[in-house]
Amino acid sequence: MSGAEDQKRIAALAAVELVKPGQLVGLGTGSTAEIAIDGLIERTRAGLRIVCVPTSERSASRARAGGLTVLDEPPADGMIDITIDGADQIERGTLNLIKGLGGALLWEKIVAASTRTLVIIADDSKLVTRLGGAVPVPVEVVRFGWESTASRLAALGCRPVVRRTDGAIFVTDSGNLIVDCHFDPIADAADLEVRLSNVVGVVETGLFIDLTSKAVVGSDAGVRIYHR
């Protein structure tokens, strides 16, 4: 197991210990979130009783296979108590995020916006001074006219690339496409999120601004918790 994988594991398992009996728990998507889902499965087998809301069909399938109680979507009449999810980048200080390389950014943001405590888990390579640069900002767009939408995104200063898997255009669980927008390091992520969201054809962006409650980050020295 590589150092990064060890770091993700200790971060995910530390976050799982924050979950309390009777809570409604959001389940993230991606390799790091899957470690947390497996950790929650083990805790429920030991007696923990929780109900979960997944951020993707993939996470829902993994949770159900492990015996977790899973809702189809967030409840209309209440908040999710805690969500554990990964991130592609975490900005130091603000804890603003880039998410969506796993293809679930829309559902992830809906769950995050419905959550009292959003806990982000990661290895320490995900911590950056500025978002962007080496990691693109995923932007979910509707299929109709996606090429013209990508052109409008390019006008904001990025290099847009429609996401493909094995040569075929990737389609999200909601039936949309993802355009990965390659920006230089982003000086003002909050401003960029607004400008991206205002582009006609954009459904949601992978910039998560002012949503994170804490980041649980694994390193070779152990786990460190960052608070916003």
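Each reported figure results from applying straightforward, stated rules to the coordinates on display, with no laboratory input. Keep in mind the model is a prediction, meaning the values are calculated, not measured. Methodologically, a virtual Cβ is constructed for each residue, glycine included, from the backbone with ideal geometry; neighbour enumeration extends over all protein chains shown.
Checked against (1) surrounded by 21 or more Cβ atoms within 10 Å (Cβ to Cβ); (2) part of a strand (DSSP E or B), residue 36 passes all but condition (2). The set of residues in the stretch 177-210 that are out of contact with any Ser or Thr (no Cβ under 6 Å at 6 or more places or on another chain), surrounded by 15 or more Cβ atoms within 10 Å (Cβ to Cβ) and among the aliphatic types (A, V, I, L, M) comprises 177, 178, 179, 186, 189, 192, 199, 202, 203, 207, 209. Mind counting the residues in the stretch 182-223 that are in a strand (DSSP E or B), within 21 Å of residue 125 (Cβ to Cβ) and within 19 Å of the chain's Cα centre (by Cα)? Matching residues across the stretch 182-223 total 8. Of the residues making up the stretch 28-52, those that are touching a strand residue (DSSP E or B) at 6+ places or on another chain (Cβ under 6 Å) and free of Cβ contacts under 8 Å to residues at least 60 places away in the same chain are 37, 50, 51, 52.
Just one of the listed residues (213, 174) is surrounded by 14 or more Cβ atoms within 10 Å (Cβ to Cβ), within 22 Å of residue 111 (Cα to Cα) and of a type in the set (Ser, Thr, Tyr), and it is 213. Where residues in the stretch 41-65 are surrounded by fewer than 23 Cβ atoms within 10 Å (Cβ to Cβ) and aliphatic (A, V, I, L, M), which of them is nearest to the chain's Cα centre (by Cα)? Restricting to residues being surrounded by fewer than 23 Cβ atoms within 10 Å (Cβ to Cβ) and aliphatic (A, V, I, L, M), the top hit is 60.
The residues listed here are 161, 139; of these, the one that is surrounded by fewer than 15 Cβ atoms within 10 Å (Cβ to Cβ) and outside any loop (DSSP other than H, G, I, E, B) is 161.
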